[in-house]
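The values are calculated or read from the model by the stated rules, or taken from the named source; none is laboratory data. The shown structure was predicted, so the numbers you read here are calculated from the model rather than taken from an experiment. Note that we place each Cβ from the backbone using ideal geometry, even for glycine, and neighbour counts take in every protein chain shown.
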Amino acid sequence: MKATLSPKVIFFSSVVLYALVVLLSIKVSISTPWLGIEFQVEPVSGKIHVAAVDVDSPAYNIVPVGEQLVALHDATNVVRLSKELIRGMPYSFNTYKEVNYFFNIQSQAGAILKADKVFLENDANVLFEVIPKKTRSVGSLPLMFWLQLLVGGGIFFVSMGVLAFGSRRLDAVNICFSLAGLSFLILSGVVAAYSNREIALDGHIFYLLSIIQYYALLSFVLFFVAIFCFYPMKINQSRILMLGLFSLSLFSLLHLFQVFESLVFSVHLLFYIIGAVGIFFIVMQYKYTRGFIVERASLRWLVYSLITGDILFFIISIIPVITSFELIHKQFFYWVALLCVYIGVALGIRKYKLFKLELWALYSWVWMFGGLVVLGLAVLLMTVFNVNSIVALLFAILAVGWLYFPLRHWLWEHYAFGFNRAHYQERLPELLEIILSPKAVRGTKEQWEFLLRQVFEPVLVMHDTDDADEILIKESGAVLHVPEFAGIPALGLAGVEHGSRLFNANDVSFLNSMMTLFKNAQIFKSEYERGVHEERMRIARDLHDDVAARLLTLIHKSEGTPQEPLAREALVTLRESINSLGGQKDQSLDELLRELQVDIKFRLAAADIKLYWEQDRRLYKRTLSSRQATNFKRVGQELISNILKHANASSVRVETGFVADMFSLSICDDGNSKLMKDWVNGRGINNIRTRIKESGGTVRWNQRIVDKQLAGTCVDIAIPI
């Protein structure tokens, strides 16, 4: 049994870890001497200007705002102020020689700041004497410091939330995701500490922070990539793959010992390789999730999140090119984009409303693609046609508004996978015909299941024990709960459209409409059948009170004459018709077949035709409705009449059977009458077809040809019972 952790323990531990990282970051940031000057670095020239001076700082009323500074002095040493010194990052350099020089300059500047007095030199060689404070106040830390810690904490708590509430088991995917979040929290604390320095840090401390940053980032990437080894499906040989993945971390020793001259091999190349391994895992997951609806949807959502992050990174990078506005803290915006990606991955791992995630992804992609089109068109106008950036941006917005958005609407209507209703609208006439057909032979439950299969094409229709009285999307969109209604038990539909996608809100909306339509159709059919029944009862009463009375009078007057049997037979036939119209109780099929057998035997014997009768014993307890019984008897009599009139037969074989809830009747003769292609469909054949169709059955004729001569005709009838 896998180990478990309480959500309270995880949450409390997370708060403690976050507080510890924040306190350490604050400790490092305030431990350096402070002048109270905010510097502005020109992005192109690299000139250093005084942007602001804190009113509580030692430089207030000493160093003027707007002054260009070029150097930092103490009594004996001097360091030139540069863009790299104030804004430089350890891994923005190409060689270790440059990195080591950067840390050396940081140490020199840090040593000067620890002096009792420091001097700031401007571009006119004027010195401003400042007595620095030994430590920096917490209130002087810039807003960006807190925002970076906030984003790092956001990613950390998202990962801890998945660990605490996603599953009470310590699954590998939850562990990897939480460790990735912890690594990024450490990374954010380190970067916040050194990137918001006033001028410089002690070189040794800065170097230590850079090493922690490197391994925190390496751990974050390794654990994040490892997620795809276990999720959505656990890949075979996952232990070997994980071992190989983390073996790559050995390359980090190349960086620690500065084996190569360039950072490309020990830093950049390592992360590129790990990224390639991650892509390999994603491809493997695509193979493993084939045939698994929810898992494939989860994988798609994870890939959507990663691609969305790449698009956001691209937009953040290109904004300065388009607007001529330099994002001073571009790294913070990258982190915000990463936070969005991390939340998306967390939702995918949790399968939170997975059936909606694809729709959200589609909306966000459409929105971002519109922004990319605007930016791309603006760049084209600026670079190719040398158009002013503001004019190019305005023209791009207008062009996209007039051309792209209408095109996007058209594409959304016609090609938005799984979210447009054209598929359902095309089926609506067919559904109406099925629902409203007064001659439907399926039961209400069978008809409802048939409609659900026709519309949603599920992999499986099953009985659902859930007693919810509303339509629910379950199992992250793999199952749709259809509630009980109109006496039809609750059902569960699994795998919409043969498992090609998940159920979504449109499916719920259309099913609601279907249920309303089906209920109204059942009311309509019930009223229709009630009206038909009342009309039949009226006709039956009229026949009984009028025609039957006249036949009785005729029988009494024709007693002892040749017309008496004919009149009595007519009265029997009339009473059968009245019974069928009046909705009498069902008739035993066995009893009906005995009556029909006696009638057929008597009529064939009079014409010297042999009868062979075979009856399935399973028909003993089966029944036909009064109307079906009348239709069946009339059809049998009509078929025998046709044989007597046209077949010139010497024998007739009658076979009855029962297959798949269908009563079958086969009547074959050995006559040599006309071929079917020469038949004239008169009233008799048309009546047979009409009666069988009214009973919900089928009728089919076929003939046997021997030596190009007709050797008999068979009629096969099937009626549902």
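So here's what we get for this one:
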item	result
Which listed residue is polar (S, T, N, Q), in contact with a Cys (Cβ under 9 Å, 6 or more places away or on another chain) and either exposed (fewer than 14 other Cβ atoms within 10 Å of the Cβ) or assigned by TED's automatic domain parsing to the domain that holds D608 (or both), from Q709, Q637, Q703	Q703
Single match in L150, L185, L113, L179 (criterion: without any contact (Cβ under 8 Å) to a residue 12 or more places away in the chain and hydrophobic (A, V, I, L, M, F, W, C))	L150
Extreme residue, nearest to V79 (Cα to Cα), among residues of region 93-146 that are among the small types (G, A, S) and surrounded by 13 or more Cβ atoms within 10 Å (Cβ to Cβ)	A109
Residues being of a type in the set (A, V, I, L, M, F, W, C), in a helix (DSSP H, G or I) and at pLDDT 90 or above - total across region 131-146	3
Pick from region 440-493, criterion surrounded by fewer than 16 Cβ atoms within 10 Å (Cβ to Cβ) and under 16 Å from S509 (Cα atoms), ranking: modelled with the lowest pLDDT	D469
Leading residue by the ranking (farthest from the chain's Cα centre (by Cα)) among those in region 213-255 that are surrounded by 17 or more Cβ atoms within 10 Å (Cβ to Cβ) and β-branched (V, I, T)	V221
Pair list, Cβ under 9 Å, 6 or more apart: region 659-676 residue under 15 Å from Q709 (Cβ atoms) and at pLDDT below 90, other residue among the aromatic types (F, W, Y) and in a strand (DSSP E or B)	M676/W701
Count of region 662-694 residues which are assigned to a loop (DSSP other than H, G, I, E, B) and under 54 Å from the mean Cα position of the chain (by Cα)	0
Residue check for S641: under 22 Å from S588 (Cα atoms) and small (G, A, S)	no
G697 crowded, with 16+ Cβ neighbours inside 10 Å, within 58 Å of the chain's Cα centre (by Cα) and modelled with pLDDT of 85 or more	yes
Matching residues, region 245-264, being in a helix (DSSP H, G or I) and touching a residue at least 12 places away in the same chain (Cβ under 8 Å)	L245, F246, L248, S249, F251, S252, L254, H255, L256, L263, V264
Subset of region 147-168 (residues that are farther than 17 Å from V21 by Cβ and modelled with pLDDT of 95 or more)	none
Boolean, S664 is within 30 Å of R530 (Cβ to Cβ), in contact with an Asp or Glu (Cβ under 9 Å, 6 or more places away or on another chain) and surrounded by 16 or more Cβ atoms within 10 Å (Cβ to Cβ)	no
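Let's see how each residue does on (1) hydroxyl-bearing (S, T, Y); (2) more than 34 Å from the chain's Cα centre (by Cα); (3) more than 30 Å from N174 (Cα to Cα):
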site	(1), (2), (3)
S6	yes, no, no
F11	no, no, no
L24	no, yes, no
V41	no, yes, yes
